[in-house]
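What follows is one structure encoded as structure tokens, with my remarks underneath.
The values are calculated or read from the model by the stated rules, or taken from the named source; none is laboratory data. Keep in mind the model is a prediction, meaning the values are calculated, not measured. Backbone-built Cβ (ideal geometry, glycine too); neighbour counts: all protein chains shown.
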Amino acid sequence: MAKQDIKQKVLKWCKEENIFKEERTDPNTKFNIVINFPANIQHIMNIIQSKEREDQIVILCGTNVSPVHLERMKSADKKELNEFLWDLRFALVNRPTDFELRYSNNALDIIMITVPIHLDGLTKDKFMATLREVYKSKLLAVWKIQQKFGEG
């Protein structure tokens, strides 16, 4: 697939699957497509192609920890919280996605789930399967937080 056709191909797939939301302008990317996935659910993901890595697209999902869960984590026993965070890391590392846990004021603040797809392997099947894996990794993190710290 020619590099210049990537954006149009991804847009076409997103529109066919009724997941396209909008395009955003970002000076660091060749494109940034915002989607709702699964379709008809307000769950945002981005599909980007970096200007620095034109040989791949990246599917990413950032999730903010809710204020209620942030407060519960801050008031939790430090040893118990540390055990929870290690459990979360081990669970996420066993998924077919990459992750980053971001902290603010010594509290878990944002969970980033990403998967790069190199252009030589980009098909609609691979694209849609990757969207599902990113979504499931996000759910895993959210559900683990809810299991430990309540529904919030």
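Listing for the model above:
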item: Options Val34, Val58, Val65, Val10; residue that is surrounded by 14 or more Cβ atoms within 10 Å (Cβ to Cβ), in contact with a Lys or Arg (Cβ under 9 Å, 6 or more places away or on another chain) and among the hydrophobic types (A, V, I, L, M, F, W, C); result: Val34
item: Selected residue (criterion: surrounded by the most Cβ atoms within 10 Å (Cβ to Cβ)) from residues of segment 72-95 that are part of a helix (DSSP H, G or I) and charged (D, E, K, R); result: Arg72
item: When residues of segment 37-55 are limited to those that are under 20 Å from Lys21 (Cβ atoms) and either of a type in the set (Asp, Glu) or touching a residue at least 24 places away in the same chain (Cβ under 8 Å) (or both), the one surrounded by the fewest Cβ atoms within 10 Å (Cβ to Cβ); result: Pro38
item: Residue tally, condition modelled with pLDDT under 95 and either part of a strand (DSSP E or B) or under 15 Å from Gln8 (Cβ atoms) (or both), over segment 29-41; result: 0
item: Residue tally, condition under 13 Å from Arg132 (Cα atoms) and in a loop (DSSP other than H, G, I, E, B), over segment 42-55; result: 1
item: Selection count where residues are within 20 Å of Leu70 (Cβ to Cβ), β-branched (Val, Ile, Thr) and within 10 Å of the chain's Cα centre (by Cα), scope segment 89-115; result: 2
